[in-house]
There are 2 protein chains.
Amino acid sequence: MLYLIGLGLGDATDITVKGLQAVRSCSRVYLEAYTSILTVGKEALEEYYGKQLILADRDMVEQGADEILKDADVTDVAFLVVGDPFGATTHSDLVLRAVNAGIPYKVIHNASIMNAVGCCGLQLYNFGETVSVVFWTETWKPESFYDKICKNRAAGLHTLCLLGENRKKIYEPPRFMTVSQAADQLIQIIQRRREEGEELGVTEDTVCVGLARLGADDQTIRSGTLRQLASCDLGGPLHSLVVTARLHPLEVDMLRVNSEPDALKHLRMIDSSTYTS
Amino acid sequence: MLYLIGLGLGDATDITVKGLQAVRSCSRVYLEAYTSILTVGKEALEEYYGKQLILADRDMVEQGADEILKDADVTDVAFLVVGDPFGATTHSDLVLRAVNAGIPYKVIHNASIMNAVGCCGLQLYNFGETVSVVFWTETWKPESFYDKICKNRAAGLHTLCLLGENRKKIYEPPRFMTVSQAADQLIQIIQRRREEGEELGVTEDTVCVGLARLGADDQTIRSGTLRQLASCDLGGPLHSLVVTARLHPLEVDMLRVNSEPDALKHLRMIDSSTYTS
């Protein structure tokens, strides 16, 4: 059996009881180590699970899947994924290889940023398409995510922005994008398009929510305008950003709980234009 | 402290280790009992947790919040929610009452249908707005969810349909909608609009995915056309339905894993028109 097990978002104890039982029963346990991170390292997980973990980088999952699946028809193998196994990154390829090799598989779900983002108070069914914000380079500055955010917003839908992790070579350390870096890139797009006379679906005054280390004891949620978030420091990774659209009064009240005093002031200012019953 | 704890989607062991530790440390434990269900009952949860659970129906959560929050500033109280506390139903109101009363709160996340739906092989970032399908009555047959599905589909986005639970009075037993009932309502809308000469964004041949008891040992996933799903029997609740849009080849391969032979045939037929690279 191949178990795909979600680890959730915080620390070692965010695994489900069912997941922990499966991990402890498996003869080999792989830890997917390239799309996301917990606030604790591999060693802390190993100690808590009482199992050695084999780090599976992108190369191993994409080209060494046979190694992961070896003997999984006669023994149990676990593949651990931060968040949910079918969250922001899917592992369809590994599942399909297992199916084709006649190996049964079982998914043990957990929270991922795709649903845990709801804790900021914005309702999940008011979200549109999720977008990814990637690090710009000198010569490559894609803006398509801005257009998707505007499209969602025009339809009254919030946008979850997953903030990019760049690692061109597998031996490079990962670079995680902060909320302020993402807000800064968005503001650059807005400024450029304003100069070109475009009508803007999102501006520096659009209310956004920055989230850091969701599910961890020191998680931080900050609401404010895009401009305010461009200068905020939410600490260590992982960060995510939400660009809000039409806000329900209950959503505004929840945003206030997690607002800085100065952001609060701004939220009040925009109430009348964004409130809908 | 008020703990809002997600129970996940399957049985008693789908709670996280962190969540279980919190439940066992609390002096009162409420079980939210109106928006969703696990495959096990209250008694099984009580035995597993070693705690008595107080059932919280909609009336208690909406009007008896003071009772839930009583003394939560000096003792620990848990509020258990199937799925994630901020999944399909949010509990912002309870959180805001706690905040206003000076009671600290902590969310312990878990999987919800909003992210676990990814296990059918459709990628979560290709989903648009989530819709709810409610039971029709003789005189009330809303169709707005059909328009939202078409809008998502036109933008290349899949739609998760949460299937309604009707309970007008709190003493009525809940009625859970099946995938075939939801497909049947959709087909009625399609037929009516076809007669009126409307251009149809979704038809009886649109590929859909029915999901039942996600996360449970007997979970069932079935892909097929809307017409095929209208006559399928996926067993007991909870059911959900996904209406697909543009499909990536990897998504099609995953849908095939969970298809009936006849649905498979149909998927092959539509491949060429729906594939994008």
Query - Area projected by the alpha carbon convex hull of the range B:2-111, averaged over all directions, nm² - result: 5.8
Query raised in the report: Is there a simple number for the mean count of other chain Cβ atoms within 10 Å of the Cβ of residues in A:124-134, and what is it?
Result: 5
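So how do B:129, A:43, A:143 line up by other beta-carbon neighbours within 10 Å, fewest first?
Working: B:129 22, A:43 9, A:143 14.
Lowest to highest Cβ neighbour count: A:43, A:143, B:129.
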Query raised in the report: Amide H to amide H, which residues 5 or more places from residue A:56 or on other chains are under 5 Å from it, using H placed in the peptide plane?
Result: A:31, A:32, A:33
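Quick one: net charge around residue A:193, please, counting Lys, Arg +1 and Asp, Glu -1 for every other residue with C-beta under 13 Å from its C-beta. Kindly include the intermediate steps, with their values, before the conclusion.
Numbers: positive: A:141, A:192, A:194; negative: A:143, A:147, A:195, A:196, A:198, A:199, A:204.
Cβ neighbours under 13 Å give a net charge of -4.
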Query raised in the report: R0 = 35 Å: FRET efficiency of residue B:93 with residue B:184, Cβ-based, nearest 0.05?
Result: 0.55
Requested in this report: Could you pull the copy-to-copy label distances for residue A:141, with points set 7 Å along Cα to Cβ, in nm to one decimal and sorted shortest first?
Outcome: 5.5
Query - Neighbouring partner chain Cβ atoms per residue of B:249-258, average, 10 Å criterion - result: 3
Report summary line: residue B:62 and residue B:139 label points (each 7 Å along its Cα→Cβ direction) are spaced in nm at 2.1
Query raised in the report: What does the charge count near residue A:18 come to, summing +1 for each Lys or Arg and -1 for each Asp or Glu among other residues with Cβ under 15 Å from its Cβ?
Result: -3
Query raised in the report: What aspartates and glutamates sit close enough to residue A:42 to cross-link, taking a C-alpha to C-alpha distance under 16 Å and skipping anything fewer than 8 places away on the same chain?
Result: A:11, A:14, A:32, A:57
Query raised in the report: If we hang a label 7 Å off Cα along the beta carbon direction at residue B:197, how far is it from the matching labels on the other copies, in nm, shortest first?
Result: 4.1
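Multiply the residue separation of residue B:74 and residue B:196 by 0.36 nm, subtract the distance between their alpha-carbon atoms, and state the gained length in nm to one decimal. All intermediate terms of the calculation are to be shown ahead of the outcome.
Values: separation 122, 0.36 × 122 = 43.92 nm, distance 6.28 nm.
Residue separation times 0.36 nm, minus the Cα-Cα distance, leaves 37.6 nm.
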Report task. Determine the calculated [θ] at 222 nm for chain B from helices alone, applying -39500 (n - 2.57) to every DSSP H run no shorter than 4 residues and normalising by the residue count; nearest 500 deg cm²/dmol. Result -> -10000 deg cm²/dmol
Query - Positive minus negative residues near residue B:51 (Lys, Arg vs Asp, Glu; Cβ under 13 Å) - result: -1
**Report entry** Residues in the range A:214-255 reached by a label modelled at residue A:203 [backbone nitrogen below 13 Å; 7 Å Cα→Cβ]
**Finding:** A:226-227
Requested in this report: Pull up all non-local amide H partners of residue A:105: gap of 5 or more, or a different chain, and H-to-H distance under 5 Å with H placed in the peptide plane.
Outcome: A:2
Query raised in the report: Quick one: Karplus J couplings for the range B:197-202, per residue in order, coefficients 6.51, -1.76, 1.60, θ = phi - 60°, nearest Hz, x for Gly and Pro?
Result: x, 6, 6, 9, x, 9
Query raised in the report: Averaged across the residues of A:14-24, what count of C-beta atoms belonging to other chains lies within 10 Å of each residue's C-beta?
Result: 5
Query raised in the report: Amide H of residue A:130: which non-local residues (sequence gap of 5 or more, or other chain) have their own amide H closer than 5 Å, using H built in the peptide plane?
Result: B:127
Report task. For chain A, just the Cα atoms, rotate onto the principal axes and tell me the three extents in Å, largest first. Result -> 62, 40, 30
Query raised in the report: When the Debye formula is applied to the Cα atoms of the protein assembly as shown, each taken as the same point scatterer, what base-10 log of I(q)/I(0) results at q = 0.12 Å⁻¹?
Result: -1.27
Query raised in the report: Using θ = phi - 60° and the Karplus form 6.51 cos²θ - 1.76 cosθ + 1.60, what ³J(HN,Hα) does each residue of the range B:60-68 get, whole Hz, x for Gly and Pro?
Result: 5, 5, 7, 10, x, 4, 4, 5, 4
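For the range B:82-228, what is the percent of antiparallel DSSP beta bridges, rounded to the nearest 5?
Working: 8 of 12 bridges.
The antiparallel fraction comes to roughly 65 percent.
Laboratory data are not the source of any read-out in this text; all were calculated from the coordinates shown. Remember, it's a predicted structure, so these values are computed and weren't measured experimentally. Cβ: placed from backbone, ideal geometry, glycine included. Neighbour counts: every protein chain shown.
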